[in-house]
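Notes to accompany the following structure.
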Amino acid sequence: MSPRPQLPPEEIAARRAAIIGSAIDQIAQRGLESVRMTDVAAGAGLSVGAVQYYFGSREDLLVGALSTHSRSVIGAITALADVPGSAWERLRATLRAVPAVESHQRRSVVWVELVVAARRSRYLQESVAEVFAQWRDHFTTLITAGIDDGSFTPDVEVERIVDTLIAQIDGFDLAVASGRADLDPERITRSLEATAAALLGAPAGSAQRTD
């Protein structure tokens with residue numbers, strides 16, 4: 001058998017990204033247990049052999065897809081929060097980004113599938129823990145900055161506020177994944193802002209301000 005031709009690094013990266021994207025599409029459409037290598041390969045425009053070459057097994061592929069997707073979502077949300085302005089304005093940018101990155105319904109389905117699958121995979125448990133850690137670090141940094149500059153005057157510990165915001169985001173993800181049609185991005189954003197403003201002692205009316 002002749003050796004597989006060597007591809008330039010950018011082509012390898014593009015192929016891996018295409019496979020990951022196709023796998024995420026299949027997870028969102030079919031559910032984790034019903035994903036087939038043949039469908040992933042077809043969606044990526046590659047052969048099953050090529051998919052196996054880059055990921056080895058179906059389990060390796062799904063673990064890689066789920067963990068990569070979760071990290072990319074958190075990265076996109078935190079990047080959108082990197083705006084000039086006060087701690088409250090940066091926090092609001094984060095909350096507005098929650099339903100706006102990718103398709104919220106697709107993203108929520110994939111997240112729920114990841115959490116369920118993590119019960120059977122130590123590696124995926126670590127991936128879920130990493131996502132929560134990134135959320136906690138992001139919110140803690142913003143809230144602490146707001147307390148330091150006097151923007152926020154909370155009556156409870158920062159840790160409890162962070163836990164509440166993450167729990168509310170998770171609740172919306174679960175509801176959206178289940179198909180709840182009345183949760184449009186504006187409603188989700190306003191609910192998150194109202195919770196944050198109440199917990200942080202933000203200026204009156206801050207959650208109702210528009211850009």
Report task. Provide, as a two-decimal number, the C-alpha radius of gyration of the chain over 2.2 N^0.38 Å, N being how many residues it has. Result -> 1.18
Query raised in the report: How large is the charge dipole for the chain, taken about the Cα centre, if only the Cβ atoms of Lys, Arg (+1) and Asp, Glu (-1) carry charge, to the nearest 20 debye?
Result: 660
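For the range 13-67, what does the alpha-carbon gyration tensor say about shape, rounded, prolate or oblate, given a ≥ b ≥ c as the root eigenvalues, a/c under 1.5 as rounded, and a/b over b/c as prolate? Present the calculation step by step, with values, prior to reporting the outcome.
Working: a/c = 1.40, a/b = 1.32, b/c = 1.06.
Rounded shape, in that the Cα axes give a/c under 1.5.
How large, in Å, is the range 62-187 by the Kirkwood hydrodynamic radius built from its alpha-carbon pairs? Mind dumping the intermediate values first?
Working: mean 1/r = 0.0652 Å⁻¹.
When all Cα pairs of the range 62-187 are included, the Kirkwood radius is 15.3 Å.
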Query raised in the report: Residues with amide H under 5 Å of residue 201's amide H, sequence separation 5 or more or different chain, H placed in the peptide plane at 1.01 Å from N; which?
Result: 153
Report summary line: Measuring from the longest principal axis of the C-alpha atoms of the chain, the long axis of helix 122-148 (C-alpha) lies at a number of degrees, nearest 10, equal to 30
Requested in this report: Determine the gain in length on full extension of the stretch residue 141-residue 38; use 0.36 nm per residue of separation and subtract their C-alpha separation, reporting nm with one decimal.
Outcome: 32.7 nm
Query raised in the report: Mind checking the angle between helix 87-97 and the chain's longest principal axis? C-alpha axes, 0 to 90 degrees, to the nearest 10.
Result: 40
Query raised in the report: Ignoring ligands, DNA and RNA, what accessible area per residue does the chain give at 1.4 Å, in Å²?
Result: 52
Query raised in the report: What list of ³J(HN,Hα) couplings, whole Hz, do you get for the range 156-163 from phi and the Karplus terms 6.51, -1.76, 1.60, once you set θ to phi - 60° and write x for glycine and proline?
Result: 10, 5, 4, 4, 5, 5, 4, 4
Requested in this report: Round to a whole angstrom and tell me the spacing of the C-alpha centers of the range 136-186 and the range 76-117.
Outcome: 11
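Hey, any idea what % of the chain's accessible area is carbon plus sulfur with a 1.4 Å probe? Could the numbers behind the result be given before it?
Details: 5790 of 10870 Å².
About 53 percent, which is the carbon plus sulfur part of the accessible surface.
The values are calculated or read from the model by the stated rules, or taken from the named source; none is laboratory data. From a predicted model like this one, the values you see are computed outputs, not experimental measurements. Every residue, glycine as well, gets a Cβ built from its backbone with ideal geometry; the counts of neighbours run over all protein chains shown. Only protein heavy atoms, including side chains, enter the accessible area calculation; ligands, DNA and RNA are left aside. Shrake-Rupley method; radii C 1.70, N 1.55, O 1.52, S 1.80 Å.
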